[in-house]
1. Which part of region 217-239 falls in the paramagnetic zone of residue 190, meaning amide N under 18 Å from the point 7 Å along Cα-to-beta-carbon?
2. To test your reading of the geometry: what angle, between 0 and 90 degrees and rounded to tens, separates the Cα axis of helix 43-55 from the longest principal axis of the chain?
3. Got a sec? Which residues in region 157-201 would a label at residue 245 touch, if it sits 7 Å along Cα→Cβ and we count backbone N under 13 Å?
4. Taking every alpha carbon pair in region 100-177, what does the distance histogram look like in 5 angstrom bins from 0, in percent?
5. Averaging sequence separations of C-alpha pairs under 8 Å and six or more residues apart, then dividing by the length of region 160-245, give the relative contact order as a whole percent.
6. Whole-Å semi-axes of the chain's equivalent ellipsoid, largest first, each the root of 5 times a Cα gyration tensor eigenvalue?
7. Can you sort 41, 85 from fewest to most other Cβ atoms within 10 Å of each residue's own Cβ?
8. Using 1/(1 + (r/R0)^6) with R0 = 41 angstrom and r between the beta carbons of residue 201 and residue 134, what's the FRET efficiency to the nearest 0.05?
């Protein structure tokens with residue numbers, strides 16, 4: 001990867017239109033990367049993000065795909081091959097967090113969660129590495145501090161994120177030395193719709209840092225992992241000490 005903005009390769013963020021993906025995409029654009037903005041359902045938000053990046057003087061390319069469907073992944077990379085930049089950064093951010101119970105969760109919910117949260121990062125990573133080739137690059141998986149917790153209310157999600165951290169280490173060994181693979185594990189950053197403000201504040205009060213994080217904190221961690229070229233196979237927690245409690 002080049003050291004000047006004009007030399008920087010394409011950075012693709014899956015699920016870039018909303019929430020953490022959007023903040024990561026904006027941070028990469030501010031650092032001079034041309035952006036591949038992947039989205040599935042959030043077309044309007046993706047277009048708004050691309051417009052915002054253009055106003056900043058950056059480049060953004062819209063990349064629609066249903067990553068939970070393996071048949072959509074190769075066509076996505078065919079789109080990439082036609083862009084005027086080589087691929088150098090891939091961020092697996094797209095995910096779904098369904099609540100449920102191991103005793104009653106429908107098989108369909110389990111399968112669809114793992115399809116997007118685990119299988120898609122695996123398939124995208126191997127395609128991305130092939131695109132990066134000998135010039136190399138970096139893949140970053142967005143996991144969750146919950147990967148190390150026992151969240152019985154989100155069993156498929158927790159399993160998928162724990163497995164994604166294992167996949168990160170496996171890919172780091174498999175793809176070295178050309179491609180580095182790391183993960184970022186956010187903690188209490190953005191509350192889900194299922195969490196009441198009172199419950200969110202209760203969780204925040206338990207943290208050693210006594211405050212919630214911001215999406216920009218996660219984006220900064222992504223940038224740090226890109227810039228430090230001697231880190232691979234690691235999961236960087238951005239959780240205000242949540243893993244300590």
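1. Within reach of a label on residue 190, which here means backbone N under 18 Å from a point 7 Å along Cα→Cβ, region 217-239 contributes 217-223, 238-239.
2. So the inclination is approximately 50 degrees.
3. Correct set: 187-189, 199-201.
4. All Cα pairs, binned at 5 Å, distribute as 3, 15, 24, 20, 15, 10, 7, 4, 2, 0 percent.
5. 43 percent
6. Semi-axis lengths for the chain are 28, 20, 18 Å.
7. In order of increasing Cβ crowding within 10 Å: 41, 85.
8. With R0 = 41 Å, the Cβ-Cβ based efficiency is 0.25.
Every number here is computed from the coordinates shown, using simple stated rules; none is lab data. Keep in mind the model is a prediction, meaning the values are calculated, not measured. Backbone-built Cβ (ideal geometry, glycine too); neighbour counts: all protein chains shown.
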